[in-house]
1. Taking H as built 1.01 Å from N, whose amide H comes closer than 5 Å to the amide H of residue 121, not counting residues under 5 places away?
2. Please list, in order along segment 64-79, the HN-Hα scalar couplings obtained from phi with the Karplus expression 6.51 cos²θ - 1.76 cosθ + 1.60 (θ = phi - 60°), rounded to whole Hz, x for Gly and Pro.
3. Just to check I understand the Karplus step: with θ = phi - 60° and J = 6.51 cos²θ - 1.76 cosθ + 1.60, what whole-Hz values come out for segment 13-19, glycine and proline as x?
4. Quick one: grab the alpha carbon gyration tensor of segment 1-157, order the square roots of its eigenvalues as a ≥ b ≥ c, and give me rounded if a/c is under 1.5, else prolate or oblate depending on whether a/b is larger than b/c.
5. Sort 43-51, 25-33 by the packing proxy (mean of other Cβ within 10 Å over each peptide's residues), most packed first.
6. Divide by every residue of the chain the summed helix terms, -39500 (n - 2.57) for each DSSP H run of at least 4, and state the resulting mean residue ellipticity at 222 nm, rounded to the nearest 500 deg cm²/dmol.
7. Is segment 49-133 best put as rounded, prolate or oblate by its Cα gyration tensor, with a ≥ b ≥ c the root eigenvalues, rounded for a/c under 1.5, and otherwise prolate when a/b is larger than b/c, oblate when not?
8. Convert each backbone phi in segment 21-31 into a coupling constant with the Karplus relation 6.51 cos²θ - 1.76 cosθ + 1.60 (shift: θ = phi - 60°), then list the ³J(HN,Hα) values in order as whole Hz, x for Gly and Pro.
Amino acid sequence: MQNKTIKLSKISDELINSVCPLRLGATQPVPGAGNPKTEILLIGEAPGEQEDLLGQPFVGAAGKLLDKLLASINLKREAVFITNIEKFRPPKNRDPLPEEIAACFPFLERQIKIIQPKLIITLGRHALKKMFEWDKDKIIDKSISISEFHGKLIRGKKGCYFPCYHPAAGLYQPSTKIELEKDFQKIPKILNKL
């Protein structure tokens, strides 16, 4: 595990000098956090205000909901690894632009190769779309509908994916929160099958 920890720490150090256009406007990079030996990697979109200030992923209101979702399947955030496709906060929490994601994605790709998770849980449509593009080695032109894919195991060339709604969406839409809760209940059974 120490070797994985060292390699992940090196990525964190490299992010400080990243060419990502968002780096200059951010307080600090948010590389990700958690257990390097986990079977589960959770990938969101981008850091928000609290994440930017603290340098940790999912520490705001959406993070509190994510913690509750993990607890519902007897997991703590320390048992999994949580990160984002974008490692710096976009201004005013806007969606990251394709060139911004492209600048940070090699760091995520390296994290995936180091951790080698059994299951990649994508949180929201942006993470889902980018991981589909990465797995299929081509740009996906059409808009990805999270409602079409959430709660279903998808076996790709580079990994197994379990798309979920973003916890932030669950904060504002009670029906989405219910779907998130249902989807998270499927995770232990899916892990046992992999």
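All of the numbers you see were taken from the coordinates with simple rules; none came from a lab. These numbers were taken from a predicted model, which means no experiment stands behind them. Neighbour counts are summed over all protein chains in view; Cβ atoms, including those assigned to glycine, are modelled from backbone coordinates with ideal geometry.
1. 41, 42, 43, 162
2. Calculated HN-Hα couplings, in order: 5, 5, 4, 4, 5, 5, 5, 4, 5, 10, 6, 10, 10, 4, 5, 8 Hz.
3. 5, 5, 4, 4, 10, 4, 8
4. Rounded, since a/c falls under 1.5.
5. 43-51, 25-33
6. -14500 deg cm²/dmol
7. oblate
8. x, 7, 4, 5, x, 8, 5, 6, x, 10, x
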